[in-house]
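Please read the structure below before turning to the comments.
Just so it is clear, none of the values below were taken in a lab; they were calculated from the coordinates. On a predicted model such as this, the values are computed, not experimentally measured, just so you know. All Cβ positions, glycine included, derive from the backbone under ideal geometry; neighbour counts span all protein chains shown.
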Amino acid sequence: MKYFGELKGLTGAGTIALYCVGLGLLAAIGILGWQALSWLKTGDWPALTLMSGLASFGVEWAYSPESWIGIHNLLKEIPLTVAVFWAWMIPALLLMLLHNWIVRRHPQ
């Protein structure tokens, strides 16, 4: 928190939002980096989707869906980097809304 102390008007929600954005970017870049490294080794680009990410965590529905087939097919098309990035960005955006509301409600 020491490093963010110089950002004037940044509330706790704003600080957490900044961390969420940073973690989302790092995660997405890390996934792309792993894909690039795999491509350099094998010559094949590993297509990582949201569904392959869920499968790696052992979600049985990712392997053999018995219902919600349309959602399953949609998730098979979303790149994992995009899903991970937005999984961090949506909370960050909500926290920035909270930050703006706090700043407007309690001006300094």
In nm, give the distance between the simple-model label positions of Thr42 and Leu97, each being 7 Å from the Cα along the Cα-to-Cβ direction. 4.0 nm
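Taking square-rooted eigenvalues a ≥ b ≥ c of the alpha carbon gyration tensor, is the stretch 9-66 rounded, prolate or oblate, where a/c under 1.5 means rounded and, failing that, a/b exceeding b/c means prolate? All intermediate terms of the calculation are to be shown ahead of the outcome.
Values: a/c = 5.02, a/b = 1.50, b/c = 3.35.
Oblate shape, in that a/c is at least 1.5 and b/c is the bigger or equal ratio.
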Between Trp39, Trp68, Trp88, which gets the highest mean-square fluctuation from a Gaussian network model of the chain, Cα cutoff 10 Å? Trp68
Measure off 7 Å from each Cα along the Cα-to-Cβ vector at Val59 and Ile71, then give the distance between these two points in nanometres to one decimal. 0.9 nm
Can you give me the Cα centroid spacing of the stretch 12-49 and the stretch 61-86 in angstrom? 18 Å
For the chain, what are the per-bin percents of Cα-Cα distances with bins 10 Å wide, up to the bin holding the maximum? 14, 30, 26, 19, 10, 1
Working out 0.36 nm times the residue gap between Ser52 and Ile78, then minus their Cα-Cα distance, what length gain in nm do you get to one decimal? 8.4 nm
Given the DSSP H assignment, sum -39500 (n - 2.57) over each helix run of at least 4 residues in the chain and divide by its residue total; what's the result at 222 nm in deg cm²/dmol, nearest 500? -22500 deg cm²/dmol
Principal-axis tilt of helix 80-105 within the chain, Cα atoms, nearest 10 degrees: 20 degrees
Under the Karplus curve 6.51 cos²θ - 1.76 cosθ + 1.60, θ = phi - 60°, whole-Hz ³J(HN,Hα) for the stretch 69-74, x wherever Gly or Pro sits: 5, x, 5, 4, 5, 5
Mind pulling the angle between the C-alpha long axis of helix 12-42 and the longest principal axis of the chain? Nearest 10 degrees, somewhere in 0 to 90. 30 degrees
